[in-house]
1. Please tell me if G62 is loosely packed, with under 11 Cβ neighbours inside 10 Å and touching a residue at least 24 places away in the same chain (Cβ under 8 Å).
2. Can you tell me how many residues in the stretch 161-181 are over 30 Å from the mean Cα position of the chain (by Cα) and either under 24 Å from I124 (Cα atoms) or surrounded by 12 or more Cβ atoms within 10 Å (Cβ to Cβ) (or both)?
3. Mind telling me which of the residues E112, E92, E87 ends up being surrounded by 14 or more Cβ atoms within 10 Å (Cβ to Cβ), acidic (D, E) and modelled with pLDDT under 80?
4. Could you check the stretch 135-160 and list, in sequence order, the residues that are over 27 Å from the mean Cα position of the chain (by Cα) and either among the acidic types (D, E) or open to solvent by 40 Å² or more (accessible area, probe 1.4 Å) (or both)?
5. What's the number of the only condition in (1) surrounded by 12 or more Cβ atoms within 10 Å (Cβ to Cβ); (2) under 34 Å from the mean Cα position of the chain (by Cα); (3) free of Cβ contacts under 8 Å to residues at least 40 places away in the same chain; (4) closer than 21 Å to Q126 by Cα that R190 fails to meet?
6. For F34, all conditions in the list (1) loosely packed, with under 15 Cβ neighbours inside 10 Å; (2) closer than 18 Å to G9 by Cβ hold save one; what is the number of the exception?
7. From the set of residues in the stretch 1-11 that are open to solvent by 60 Å² or more (accessible area, probe 1.4 Å) and either closer than 19 Å to D84 by Cβ or hydrophobic (A, V, I, L, M, F, W, C) (or both), which is farthest from the chain's Cα centre (by Cα)?
8. Can you tell me which residue is nearest to the chain's Cα centre (by Cα) among those in the stretch 16-45 that are assigned to a helix (DSSP H, G or I), at pLDDT below 90 and of a type in the set (D, E)?
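The values are calculated or read from the model by the stated rules, or taken from the named source; none is laboratory data. Since we're looking at a predicted model, the values are computed, not measured. Here the Cβ positions follow ideal geometry from the backbone for every residue, glycine too, while neighbour counts run over all protein chains shown. What goes into the accessible areas is simple: the full protein's heavy atoms, side chains included, and nothing from ligands, DNA or RNA. Shrake-Rupley method; radii C 1.70, N 1.55, O 1.52, S 1.80 Å.
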Amino acid sequence: MKLSSYVKGFKAYLDASNLLQNSRARYVYEVQRFCRALGDPQVEEITPQGLLDWHTSMHTAGLRYQTITQKRAAVMRFWGYLADFVELEGAERLMKALKKLSVGAAKTPSREPYELDELAGYKIIQAGASRPGTGVRDQALLQFLWDTGCRRFEISVIELEALDTRRMRCTVVGKGQKLRTVFFSDACVRALVA
């Protein structure tokens, strides 16, 4: 029998479970997509390699890990249904193969970080200055970001008392509530006092 022929029984199985209605509908939808992705083969034709290919295709498509985890959960539940209620031969073996596939197993290569040179940084800071009404503030924030390498959150919680323009330094609260001192340039001091 074709894999998709078991979806109707799977839906009835889910209806009898304690899953929320939206979760049940999502599981059925994801299993139908899984069947289409494999080309709706006969159940006997599905191999662990076919599952690996399906899993890898999600990573290469650039799906988020949370999305992949949701899709895997639906397919795992489907294979559990096939193993326990349909008592389909080989379903247990394929379910074990699917469990071995970790969400991060087939990561796509990460992008290289993009580094701004001084000219590009200068252009960005000057672009902040050109906005009517908030230009001075934006230029000061951008200059401070450029000089210190602070995160946006770190800048958003800085108290004015933490800024020491005479010594050109500031104490910021970083990740994990750790205090650190950052230093900035004369240009930043001019932008901050403007």
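1. Yes.
2. The qualifying residues number 9.
3. The match here is E92.
4. Within the stretch 135-160, V136, R137, D138, Q139, L141, D147, I158, E159, L160 meet the criteria.
5. Just one mismatch for R190, condition (2).
6. Exception for F34: condition (1).
7. M1
8. E45
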